[in-house]
Amino acid sequence: MSIIKIEDIAFVRFAAPDLDEMRSFLTQFGLDCFDGQGDRLYAKGRDGAPFVHSTEHGDPAFRGLGLRAQSVQDLQLLAAAEGVAVKDFAAPGGGKVVRLTDPDGVSVEVVAGQTFDAPQPLAEDIPRNSAAGRPRQRAAVRLAGGPAHVIRLGHCVLNVSDFQMSERWYKQCFGFITSDEIEARPGTAMGAFMRCDRGDLPTDHHTLFLAQLPSGKGFSHAAFEVASFDDLMLGHNHLKSAKRAPAWGVGRHILGSQIFDYWKDPWGHELEHWTDGDLFSAADGSNKATVQDLLAVQWGPPHPMFAGKFAPSPNVVGFIMMLSVRIKRLFRRSPQGATA
Ligand SMILES: [Fe+2]
């Protein structure tokens, strides 16, 4: 039984040495930027959330993530369980916050009671004709170029030093449910896609993905939902014409099924556009999957790890990941020989 059940991810925080350059990139990425108090840049999507991305002035760094609790009462429960205080949240939207630190030292701010704006209206979704059905008749498709329309923050991916330890902490605190657990080899879990427990309400296949990789802990990427597939492609063209740095895409993932498009901000932090992801309720349970499932695509370019001439096979990658996880567990054994 978890302490609380969070309802969604709220924001990601970064530091960067040039806020104007960050503003330029985020605007081209499709976020709506605005200045906050102090030397801080905020950006929001179109769902009415007060902000989804925050940058403070400083050396380039990932500074943590925000999760949204269902109520201020839940924050009080969480604060009491963790021995910390509920504080006023001095950020756009206000509300209350509980500040925690995950097992790898990542700042996790849990917020509630924020003031939301009304969602911005979306362009009408154009009916798509296919061989199975032709609902669009006597009407042409005409799309306006420009940045994608980011709706909301959908998930964050963290590389962790010890998957089991981090998974336990996030599940115990926030009630995450595993959608797909990734096994480097049968019996050796190295990561999991985890969704919020919203009961019967279907929710994103993953709000958080934790992965234990040989490369060590750190931020992997944050992913933002855009209006539609056309919108994602228009955004791709816009970022490409602005000569921003692509990271991976466009393609369709296997786990979660999203159409994805990854880009790097000016300091190398990856942000993803996605659309058309899977939604599951609490009753939909959990699955096990392989490294191949994690890194392969249903269509689109291969993961950058597999793109080179001397790229390793997914089997080799899985074997290296398995070794890395098992060696880590070996060194984590207590003097009595029991694993932590
Ligand atoms: Fe992602």
Which of Gly145, Gly235, Gly64 ends up with the largest GNM mean-square fluctuation for the chain, with Cα atoms connected below 10 Å? Gly145
The range 20-64 - percent of accessible surface contributed by carbon and sulfur, probe 1.4 Å: 38
Is the C-alpha gyration tensor of the range 277-318 telling us rounded, prolate or oblate? Criteria: a/c under 1.5 is rounded; beyond that, a/b larger than b/c is prolate, otherwise oblate. oblate
Candidates Cys173, Cys156, Cys196, ranked by Gaussian network fluctuation over the chain, Cα under 10 Å, top entry: Cys173
In whole angstrom, the spacing between the Cα centers of the range 272-291 and the range 230-270 equals 20
I need the shape label for the range 9-134. Rule: rounded when a/c is under 1.5, else prolate if a/b > b/c, else oblate, with a, b, c from the alpha carbon gyration tensor. oblate
Which of the listed residues, Gly45, His149, His221, is farthest toward the dipole's positive end in the chain, when Lys, Arg count +1 and Asp, Glu count -1 at the beta-carbon? His221
Taking a ≥ b ≥ c as the square roots of the Cα gyration tensor eigenvalues, with a/c under 1.5 meaning rounded and otherwise prolate when a/b beats b/c, else oblate, which class fits the range 237-321? oblate
Rg/Rh ratio calculated on Cα atoms of the chain (Kirkwood radius): 0.97
Using Cα positions and a limit of under 20 Å, work out the lysines in reach of Lys328, with same-chain residues fewer than 8 apart set aside. Lys217
If you line up the Cα atoms of the range 99-178 on their principal axes, what length do they span on each, largest first, in Å? 57, 34, 23
Please report how far the C-alpha centroid of the range 175-203 lies from that of the range 4-34, rounded to the nearest whole angstrom. 26
With r as the distance between the Cβ atoms of Lys240 and Ala296 and R0 = 25 Å, compute the FRET efficiency 1/(1 + (r/R0)^6) and round to 0.05. 0.55
Å² of accessible area per residue within the chain, as computed with a 1.4 Å probe and no ligands counted: 47
DSSP loop (so not H, G, I, E, B), at most 13 other Cβ within 10 Å: list which trypsin sites (Lys or Arg not before Pro) in the range 75-154 pass both filters. Arg128, Arg136, Arg138, Arg142
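The values are calculated or read from the model by the stated rules, or taken from the named source; none is laboratory data. Worth saying up front: this structure is predicted, and the values here are computed from it rather than measured. Cβ coordinates were reconstructed from backbone atoms using ideal geometry, including for glycine residues, and neighbour counts include every protein chain displayed. Surface areas here come from the heavy atoms of the whole protein model, side chains and all, with no ligands, DNA or RNA. Shrake-Rupley method; radii C 1.70, N 1.55, O 1.52, S 1.80 Å.
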